[in-house]
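Visitor: Below is the structure I would like to discuss, written out as structure tokens.
The values are calculated or read from the model by the stated rules, or taken from the named source; none is laboratory data. Computed from a predicted structure; not experimentally measured. Virtual Cβ from ideal backbone geometry, glycine too; neighbours counted across all protein chains shown. Quick note on the areas: whole protein, heavy atoms, side chains included, nothing else; ligands and nucleic acids left out. Shrake-Rupley method; radii C 1.70, N 1.55, O 1.52, S 1.80 Å.
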Amino acid sequence: MESGPPLREILCFARVAQHLSFSRAADELGMSQPAMSQAIGRLERSLGLRLFDRTSREVQTTPAGKALLPHALALLDTASAFTAEAARLAIPPRPIIGLAYAPLVGSLAARAARRLAERKPAIDVQLRAAGWRAATQALTRGEVPVAILSAPFPTGFTTGARFGVTIGHLAVPAGDPLAALPRLSPDRLGRHKILMPGHRPPGGMWARLAATLPGPHRLHVAAEDIDDFAAALDLVAAGIGLLPVPQLLATWIRRQDVRFVPFDAGDLRMTFGLAWSPERVSPEVTTLVHAVQETLWTR
């Protein structure tokens, strides 16, 4: 099977036909004008066709040249797509790693994912917002290799990159008299209910807070777990109860129906950290752990 004219000569033909100038076509392709004329001459001889009528003043495409130009352009487009696809296939695919994270620390997860996407070689992180129970189940089932969880951490997993989030405010309805106070403490909440999760493991933030609020009538169980503080603000706005919130949430969230009042409840903090299975450690897991640690150091 004959291979046909060289692609370079077809490219020369297309550029001369588009510019109607040997010199401009030569400049575009980084060639000398004599080299361009020679390439067109070779193409015409191989095809047995005259492609251009040339005078000292102008260049015109012959009827044969006009008929062949669309085919030349299509061939060049196909060759360009071929080259681009070959270059894409030559690059090894990026490794992918899944990361479950508590909604409260979504910005940390996003910054760590971006850090890994910008490194060389890059790693793609599939982010998966999940509460404590859902993230723990995903870890146990092997659906994700790493999760950012709040304490207490599940047994059987390695943990690291721990950090604390201060609970420094109380979310109250905008029309409540408490919203006008400069500061609140637990002893001033006798007639109010506090939103709580049903799952309050010993040593965790919720268990410590509940111990400062004696009397079961002071608590309202909003859900088995309160993982998404921003969503729980809807219950506050509805007057169902007050919600202790992290200081960073009070800084980020702006709602007309909720006010954030500074809350003195001692050293009330939520501890977060990375958890991963020691049986599923991979280079990607190690790199992700380091990326989260670096993100914490530079925030």
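Visitor: So how exposed is Thr271, as accessible area in Å² (1.4 Å probe, rounded to 10)?
Guide: 60 Å²
Visitor: Sticking with this one: Helix check for the chain. Which DSSP H runs span at least 20 Å along their own axis by Cα, with a mean Kyte-Doolittle hydropathy no less than -1.0?
Guide: Working: long enough: 33-47 (21 Å, -0.37); 63-90 (41 Å, 0.69); 283-298 (22 Å, 0.19).
The answer, listed by residue number, is 33-47, 63-90, 283-298.
Visitor: In square angstrom, what is the accessible area per residue of the chain with a 1.4 angstrom probe? Before the final figure, lay out the partial values.
Guide: Values: 16160 Å² over 299 residues.
Accessible area per residue: 54 Å².
Visitor: Got a sec? Which residues in region 24-52 would a label at Leu76 touch, if it sits 7 Å along Cα→Cβ and we count backbone N under 11 Å?
Guide: 25-26, 28-29
Visitor: Still on this structure: Kindly report, to the nearest 10 Å², the accessible surface of Asp53 as traced by a 1.4 Å probe over protein heavy atoms only.
Guide: Counting only protein heavy atoms, Asp53 exposes about 80 Å² to solvent.
Visitor: Another question, if that's okay. What's the extension gain from Gln60 to Leu296 if we count 0.36 nm per residue and subtract their Cα-Cα distance?
Guide: 78.3 nm
Visitor: Another question, then. Using a 1.4 angstrom probe on heavy atoms only, work out the carbon and sulfur share of the accessible area of the chain in %. Could the numbers behind the result be given before it?
Guide: On the way: 8770 of 16160 Å².
Heavy-atom surface of the chain belonging to carbon and sulfur, 1.4 Å probe: 54 percent.
Visitor: May I ask for the percentage of alpha-carbon pairs in region 1-89 that lie more than 23 Å from each other?
Guide: Tail fraction, whole percent: 23.
Visitor: If I stretch the segment between Asp27 and Ala179 completely, what's the gain in nm (0.36 nm per residue apart, minus their alpha carbon distance), one decimal?
Guide: So the extension gain works out to 47.4 nm.
Visitor: Calculated from DSSP H runs of 4 or more alone, at -39500 (n - 2.57) each and per residue, what is the 222 nm mean residue ellipticity of the chain, nearest 500?
Guide: -13000 deg cm²/dmol
Visitor: Search the structure for amide H atoms under 5 Å from the amide H of Leu219, placed 1.01 Å from N in the peptide plane, and list their residues when 5 or more places away or on another chain.
Guide: Residues meeting the criterion, in which the H sits 1.01 Å from N, are Ile194.
Visitor: Could you calculate the FRET efficiency of Arg141 with Leu7 from 1/(1 + (r/R0)^6), where r is the beta carbon distance between them and R0 is 45 Å, rounded to 0.05?
Guide: FRET efficiency, Arg141 to Leu7: 0.30.
Visitor: Another question, if that's okay. With every protein chain in place, what's the accessible area of Lys66 (1.4 Å probe, Å², nearest 10)?
Guide: Ignoring ligands and nucleic acids, Lys66 comes out at about 130 Å².
Visitor: When the solvent-accessible surface of protein heavy atoms is calculated with a 1.4 angstrom probe, in what order do Ser107, Ser21 fall, highest first?
Guide: The ordering from most to least exposed comes out as Ser107, Ser21.
Visitor: Something else: Could you state the number of Å between the C-alpha centres of region 8-36 and region 233-275?
Guide: 69 Å
Visitor: Sort Thr78, Thr159 from largest to smallest accessible area, using a 1.4 Å probe on the heavy atoms of the protein chains.
Guide: From most accessible down to least: Thr78, Thr159.
Visitor: For Pro186, what is the net charge nearby, where nearby means another residue's Cβ is under 14 Å from its Cβ and Lys, Arg count +1, Asp, Glu -1?
Guide: Net charge in that neighbourhood comes out at +3.
Visitor: Under the Kirkwood approximation for Rh and a Cα-based Rg, what ratio Rg/Rh is obtained for the chain?
Guide: Reported Rg/Rh, Kirkwood definition of Rh: 1.36.
Visitor: Whenever you get a sec, line up Ile240, Ile148 from highest to lowest accessible area (probe 1.4 Å, protein heavy atoms).
Guide: Working: Ile240 65, Ile148 5 Å².
Largest accessible area first, the residues go Ile240, Ile148.
Visitor: Same structure again: Over the chain, what relative contact order in percent results from Cα pairs under 8 Å that are six or more residues apart?
Guide: On the way: 451 pairs, mean separation 62.1, N = 299.
Contact order relative to length: 21 percent.
Visitor: Next up: Pairs of Cα atoms under 8 Å, at least six residues apart: use those to get the relative contact order of region 111-212, whole percent.
Guide: Worked out over region 111-212, it gives 14 percent.
Visitor: For region 181-198, list residues with backbone N below 20 Å from a point placed 7 Å from the Cα of Val221 toward its Cβ?
Guide: 192-198
Visitor: Arrange the peptides 181-187, 41-47, 194-200 so that the one whose residues have, on average, the most other Cβ atoms within 10 Å appears first.
Guide: The most tightly packed comes first, giving 194-200, 41-47, 181-187.
Visitor: With only Lys, Arg, Asp and Glu charged, each at its Cβ (+1 for the first two, -1 for the last two), find how big the charge dipole of the chain is about the Cα centre; round to the nearest 20 debye. Walk me through the intermediate numbers first.
Guide: Working: 33 positive and 25 negative charges, 85 e Å.
With only Lys, Arg, Asp and Glu charged at Cβ, the dipole is about 400 debye.
Visitor: What net charge do the residues around Ala232 carry, taking every other residue with its C-beta under 14 Å from that of Ala232, with Lys and Arg at +1 and Asp and Glu at -1?
Guide: -4
Visitor: Right, here's the next one. Which trypsin sites (Lys or Arg not before Pro) from region 213-258 combine a DSSP loop assignment with at most 15 other Cβ atoms within 10 Å?
Guide: Sites meeting the loop and neighbour criteria: Arg254, Arg255.
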